[in-house]
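The values are calculated or read from the model by the stated rules, or taken from the named source; none is laboratory data. The structure displayed is predicted, hence computed values, not measured ones. A quick note on method: Cβ atoms are made from the backbone with ideal geometry, for glycine too, and the neighbour counts reach across all protein chains shown. Side chains included, ligands, DNA and RNA excluded: accessible areas come from the protein's heavy atoms. Shrake-Rupley method; radii C 1.70, N 1.55, O 1.52, S 1.80 Å.
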Amino acid sequence: MSMVNTVQKPRRRFLLGGLGVAGALIVGWGFTPPRQRLTVDHALPMNAGDVALNGWITIAKDGQVGIVMHRSEMGQGIHTALQMIVAEELDVPLYMVRPIHAPIDKIYGNVSVLADGLPFHPDDDGVVKHTAQWLVMKAARELGLQITGGSSSVKDAWLPMREAGATARAMLVAAAARRWNVAFSECKAQDGMVTHHSGKKMSYGELAAYAVTAHPADIRLKKPHEFSLIGTPAARTDSAAKVNGSAEFGLDARPDGLLYAAIRQSPTIGGRIKKIDSQAVLQMKGVRHVVDISAKEGVSGVAVVADSYWLAKKASAALNIDWDVGPHAGLSTASVFKELADKLNTEPGFTYYKHGDPEAMMGNQAVVKTVKAEYRAPFLAHAAMEPINCTAQLKDDKLDLWVSTQVPDVAVSTAAKTAKINVEQVNLHMSYLGGGFGRRLESDMVVQAVLIAMQTKGLPVKLVWSREEDTTHDVYRPAALARFTAGLDASGKVLAYDNKSASGSVAHQFLKRLLGLPGAGPDKTTAEGEFDMSYEFEHQHTAHVIVPTPVPLGNWRSVGHSHNAFFKESFIDELAHAAGKSPADFRRDLLGRHPRHLAVLDAAMNKAGKAPAGRAHGLALHQSFGSIVAQVAEVSVKDGHIRVHKVVCAVDCGIAVNPNIITQQMESAVIFGLSAALYGEITIKDGKVQQTNFHDYPVLRMNEAPVVETVIIKSAEHPEGIGEPGVPPIAPAVANAVFALTGQRLRSLPLTLA
């Protein structure tokens, strides 16, 4: 089966053929070896006496192993997982490992996240898909973007970090063999030591300096059955620091002489500053500066710099600002959804997937029942616990930057461009992130902090957004509208399935902000979770209409899957009801060629058992970021209130590097997804975002949190994503349970009973 219909294929050939000489150069470049991912162009941050064996591993004299952490730790446990991967191949205990923040270097670029952005169906195994993936992955190595996102960190690091560990192990063994004048094969690495059957042994710390010049011929990766650390529920390596308070987040930066900045931005989308009266504020004790940063393209706001954050915030609130409301003062939630509906009525959209001829089948006499439905999802904010912040100090043509970021290299280049200096003059201090969810893929706070620091005469300044600024100036999950039509025969078999949706494009806006690239063409995130489903309908079609919007859009945990799974899995439940089958049996009949999906579905159903009296189960099955998740939500309804008591999650994510972290991520995803499913909604009136803080943009409270039980399917497949795949199924699972309990079909988020 193909990603797109046959109408698209000649166009693809035309584009390739029309490249001419440039096309020949691209093809020729494609056959050159890909950039290596083992050695760095820049020195690793090390203590005196430490030895670097490659771009990922350093060894101290006492045998402590430093492992480069090239992905941001924002609570998802990635530093523990990455350390486990290297420690496994290096044959060193986890307690002997410590993290090293990665320098900016292309070997740490995220290859998988870019390749996964191609809009191919998971079942597509054709040459076009493999060629496109090869070219994109090769280009990604050249770009070297250090992105933490797309649930890709373990997936992307699996081979290069294992190879780094295995290479270092072989170098240490070779060094020992050379020192002892014995055969390489007679030596063994284990627990940070190299031993020989004669009784000789040396620690890694003793061997490291000799290993640098070793060139082992036998570098072998372990096979899964040889793993002794991978696959175990090892304790997280960051837990102690977070419990005792020694862990440092971006907000914790306190360089000497620190000043604080609070910002006010336009209350309307696209608004600008007309006039600022700052005289009274500048007379306030402790206020240092009032900085208008609106001169920078794409930036609109004014910051107050003071000796404390509270004073800066109080002074910024007192500023007299005359705002130009801008061109979108008439924008509203209603107008957004009206435009989405109008575009669905008038535009065919881009076809992401077509198999068979569903349009013709809908006219077939065998179709005796037609099911139609329309679903909608609102804008959503990120609401990460750590407020948006950035600390900057520009002194003597050097810029120090402290920021919680998912894109360190982009933060550095953005800061350098803003300050008009070279990237080599920027020193980035990495830290833990107090939640990211895609919001910290952005660098707007970096631009603002650097612009402010340019006015503080060499003193460092910490910019902190209030929760109100964060909620009203986020980059939001898009609002979306989806329509479905299906035709069933007398036996309940679906003969035709058609799905068309509409929303703004995250990729178009994000790539423009990130790389300055114009938004054009299809965007996989708009239709992911719809076109790439694994249900085996003989005649199906999925299309999407991109509707440009002035509302700033961004990556939100699980991106398009977050709402498209709700649309798709809710409609699948409607079809099961129309066919007179149970939701589980209906899905089983559509998964004949997908045994992994079927195994996940059965595991969740078996674990969930039967719902207690007065409650109902709702089912959802969804694949995202390479992982398959089935969820069964146990729900009750009382006085119009939906209560989720328990959620069973079954997940197949390939090799489970750390089952404990996988379980944590499923629990995290359920809570995050339930917050959105039951409460999440950003609304717009007169061009203004209406929600401001947790009182009107609530998240799930502790007393509302369900019991979450996780079943991990044993697998030897390549590891896939785990940070996001637990989010998409929860909303449809709950909605389907509500239908089973009340007979009321909820087709709009957040879920509200009539």
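A few notes on this one:
- Residue check for H215: surrounded by fewer than 18 Cβ atoms within 10 Å (Cβ to Cβ), without any contact (Cβ under 8 Å) to a residue 24 or more places away in the chain and not basic (K, R): no
- Within the range 423-433, considering residues that are touching a residue at least 60 places away in the same chain (Cβ under 8 Å) and touching a helix residue (DSSP H, G or I) at 6+ places or on another chain (Cβ under 7 Å), the one surrounded by the most Cβ atoms within 10 Å (Cβ to Cβ): L433
- Pair list, Cβ under 9 Å, 6 or more apart: the range 706-724 residue without any contact (Cβ under 8 Å) to a residue 40 or more places away in the chain and aromatic (F, W, Y), other residue surrounded by fewer than 22 Cβ atoms within 10 Å (Cβ to Cβ) and outside any strand (DSSP E or B): none
- Restricting attention to the range 389-405, the residues that are in contact (Cβ under 8 Å) with a residue 40 or more places away in the chain, surrounded by fewer than 24 Cβ atoms within 10 Å (Cβ to Cβ) and assigned to a loop (DSSP other than H, G, I, E, B) add up to 1.
- Per the listing I273, I269, the residue uniquely closer than 18 Å to K688 by Cα, over 33 Å from the mean Cα position of the chain (by Cα) and crowded, with 17+ Cβ neighbours inside 10 Å is I273.
- Pairs with Cβ under 9 Å, 6+ apart, first in the range 375-387 and part of a loop (DSSP other than H, G, I, E, B) and open to solvent by 10 Å² or more (accessible area, probe 1.4 Å), second among the hydroxyl-bearing types (S, T, Y) and at pLDDT 95 or above: A383/T471; A383/S675; A383/Y697; E386/S404; E386/Y432; P387/S466
- Count of the range 345-372 residues which are buried (at least 17 other Cβ atoms within 10 Å of the Cβ) and under 30 Å from V475 (Cβ atoms): 5
- Residues in the range 434-470 that are in contact with a Phe, Trp or Tyr (Cβ under 6 Å, 6 or more places away or on another chain) and under 26 Å from A315 (Cβ atoms) were compared, and the one that is surrounded by the fewest Cβ atoms within 10 Å (Cβ to Cβ) is G434.
- Number of positions in the range 73-102 that are assigned to a strand (DSSP E or B) and either open to solvent by less than 20 Å² (accessible area, probe 1.4 Å) or among the β-branched types (V, I, T) (or both): 2
- Residue within the range 499-519 that is assigned to a helix (DSSP H, G or I), of a type in the set (S, T, N, Q) and touching a residue at least 40 places away in the same chain (Cβ under 8 Å) present: yes
- Considering residues of the range 669-719 that are polar (S, T, N, Q) and assigned to a loop (DSSP other than H, G, I, E, B) only, the residue farthest from the chain's Cα centre (by Cα): Q690
- Failed condition for A366, given (1) of a type in the set (G, A, S); (2) farther than 30 Å from I572 by Cα; (3) touching a Leu at 6+ places or on another chain (Cβ under 8 Å); (4) not in a helix (DSSP H, G or I): (2)
- Residue list for the range 671-698, restricted to those being touching a Lys or Arg at 6+ places or on another chain (Cβ under 8 Å) and either farther than 18 Å from L751 by Cα or surrounded by fewer than 20 Cβ atoms within 10 Å (Cβ to Cβ) (or both): T692, N693, F694
- Flag for A312 being over 27 Å from A479 (Cβ atoms) and of a type outside the set (D, E, K, R): yes
- In the range 239-257, residue nearest to the chain's Cα centre (by Cα) [restricted to those that are outside any helix (DSSP H, G or I) and surrounded by 18 or more Cβ atoms within 10 Å (Cβ to Cβ)]: F249
- Condition met for T391 (closer than 30 Å to H541 by Cβ, out of contact with any helix residue (DSSP H, G or I) (no Cβ under 6 Å at 6 or more places or on another chain) and modelled with pLDDT of 95 or more): no
- Hits in the range 306-344 (condition: farther than 30 Å from V545 by Cα, out of contact with any helix residue (DSSP H, G or I) (no Cβ under 8 Å at 6 or more places or on another chain), open to solvent by 50 Å² or more (accessible area, probe 1.4 Å) and not hydroxyl-bearing (S, T, Y)): D307, W310, K313, K314, A317, D322, D324
- Residue count for the range 705-733 satisfying the condition of being open to solvent by 40 Å² or more (accessible area, probe 1.4 Å) and either closer than 30 Å to S266 by Cβ or among the charged types (D, E, K, R) (or both): 4.
- Sole residue being in a helix (DSSP H, G or I), touching a helix residue (DSSP H, G or I) at 6+ places or on another chain (Cβ under 8 Å) and open to solvent by less than 20 Å² (accessible area, probe 1.4 Å), chosen from G149, G165: G165
- Unmet requirement for F625, which otherwise passes all of (1) modelled with pLDDT of 95 or more; (2) closer than 21 Å to S748 by Cβ: (2)
- Among the candidates A261, A318, the residue that is within 13 Å of I452 (Cβ to Cβ), of a type outside the set (S, T, N, Q) and at pLDDT 95 or above is uniquely A261.
- Screening the range 276-305 for residues that are modelled with pLDDT of 95 or more and among the basic types (K, R) and picking the one that is least open to solvent (accessible area, probe 1.4 Å) gives R288.
- K420 vs. criteria surrounded by fewer than 24 Cβ atoms within 10 Å (Cβ to Cβ), under 30 Å from H70 (Cβ atoms), among the basic types (K, R) and free of Cβ contacts under 8 Å to residues at least 60 places away in the same chain: yes
- Unmet requirement for F531, which otherwise passes all of (1) open to solvent by 20 Å² or more (accessible area, probe 1.4 Å); (2) part of a loop (DSSP other than H, G, I, E, B); (3) among the aromatic types (F, W, Y): (1)
- Taken over the range 627-668, the criterion of being in a strand (DSSP E or B), open to solvent by 10 Å² or more (accessible area, probe 1.4 Å) and polar (S, T, N, Q) is satisfied by S636 alone.
- Checking each residue in the range 103-116 for being open to solvent by less than 20 Å² (accessible area, probe 1.4 Å) and of a type in the set (D, E) picks out only D105.
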